[in-house]
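FYI, it's all coordinate maths here, none of it is from the lab. Source: prediction; values computed, not measured. A quick note on method: Cβ atoms are made from the backbone with ideal geometry, for glycine too, and the neighbour counts reach across all protein chains shown.
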């Protein structure tokens, strides 16, 4: 049985193909249209899905008008949103400084989520917590839940927002437990992982792009559509931000082999393969490009079985330099989705001058 799962007409349209209970493809429309969070299905996405064969059944998420009208309520504690806050709430309290307002909203979110998760654990007796929805991309809140909500294990799909519901729709309609192969489910770019080329570029320039293998399903670059850099030079963060056209204050994430992660970061979970938790960096002065203002880092851990090429790169990088970490950020410019195709890569390289392998 071949299912197509579709999430569209609201935000960040996506399509997933599931064959006999296994996810074999999943992609975002915006990677094809180059319009970030494109709500409409793109013809090239449909064509790529069709290469797996016609669907026997289609699962659609969800009725757009119902989604727009729906209110959110968690009990206990009770929390209700009466308007869509995605576009910001600055007009709600015009005199507030933006950083103070953001910090206050974050604190409220953390309080509500911790109360709801703790209550759920008490009611069910489960030691396992699965988080979904776009709010599950809030790494600071996720880390609080992992530390304080009383669960042994916390798991989050690498695409927990609307786009990830293309997979969830199939699970709901089929009633099956789906086999999860990992996040590399999108458009393929052929060739072996270019470890030697990446090492040469890192040795020469300290940073390089990689576009290889299947694209990541989800908003985070996890090694197949990434900019990688040496995290030790003090000016590296500004250098990468200039290439990406981002504000200078924006931080970047470290990627590290799983067995070295806890030596370097105070992680609240055993592993963080999808870059979903923050942790205090134990030696922030050694890796200034991947440490936030509060001394934390949004960590990606890598096991050999998860990504052999990226693991080998990290292993050889540490052998050559003594540094067990690389900076990892998404291969894209400001306001655009992750690069998807070889044409996207050529345009990006022509615009930025950054070599991409």
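Normalised by the residues of the chain, what does the relative contact order come to in percent, with Cα pairs under 8 Å and at least six apart?
17 percent
When you count, for each residue, the other Cβ atoms within 10 Å and take the mean per peptide, how do 319-331, 25-37 rank with the highest first? Mind dumping the intermediate values first?
Working: 319-331: 19.9, 25-37: 21.7.
Sorting 319-331, 25-37 by mean packing, highest first, produces 25-37, 319-331.
Below 8 Å between Cα atoms, with a sequence gap of 6+, how large is the relative contact order for segment 186-352 in percent? Could the numbers behind the result be given before it?
Values: 307 pairs, mean separation 46.6, N = 167.
Worked out over segment 186-352, it gives 28 percent.
Which peptide among 179-191, 223-235 comes first, and what is the full order, when sorted by highest mean count of other Cβ atoms within 10 Å?
Details: 179-191: 16.4, 223-235: 21.8.
Highest mean packing first, the order is 223-235, 179-191.
With springs connecting C-alpha atoms under 10 Å apart, model the chain as a Gaussian network and identify which of 220, 298, 107 has the largest mean-square fluctuation.
107
When the chain is fully extended, how far beyond the present Cα-Cα distance does residue 1 get from residue 239, taking 0.36 nm per residue of separation? Could the numbers behind the result be given before it?
On the way: separation 238, 0.36 × 238 = 85.68 nm, distance 4.88 nm.
Between residue 1 and residue 239, full extension yields 80.8 nm more.
Expressed as a whole number of Å, what is the distance separating the alpha-carbon centroids of segment 12-68 and segment 105-176?
First find each Cα centre; the distance between them is then 23 Å.
What FRET efficiency comes out for residue 91 versus residue 321 if R0 is 45 angstrom and r is the Cβ-Cβ distance? Round to the nearest 0.05. Spell out each step's value before the answer.
On the way: r = 49 Å, r/R0 = 1.09.
E(calc), rounded to 0.05, equals 0.35.
Which percent, to the nearest 5, of DSSP beta bridges fully inside the chain are antiparallel? Walk me through the intermediate numbers first.
On the way: 35 of 49 bridges.
The antiparallel fraction comes to roughly 70 percent.
Between residue 66 and residue 351, what length comes free when the chain is fully extended (0.36 nm per residue of separation minus the Cα-Cα distance, one decimal in nm)? Before the final figure, lay out the partial values.
Values: separation 285, 0.36 × 285 = 102.60 nm, distance 4.18 nm.
Length gained between residue 66 and residue 351: 98.4 nm.
Sorting check: for 120-128, 306-314, which peptide has the highest mean count of neighbouring beta carbons within 10 Å, and how do the rest follow?
306-314, 120-128
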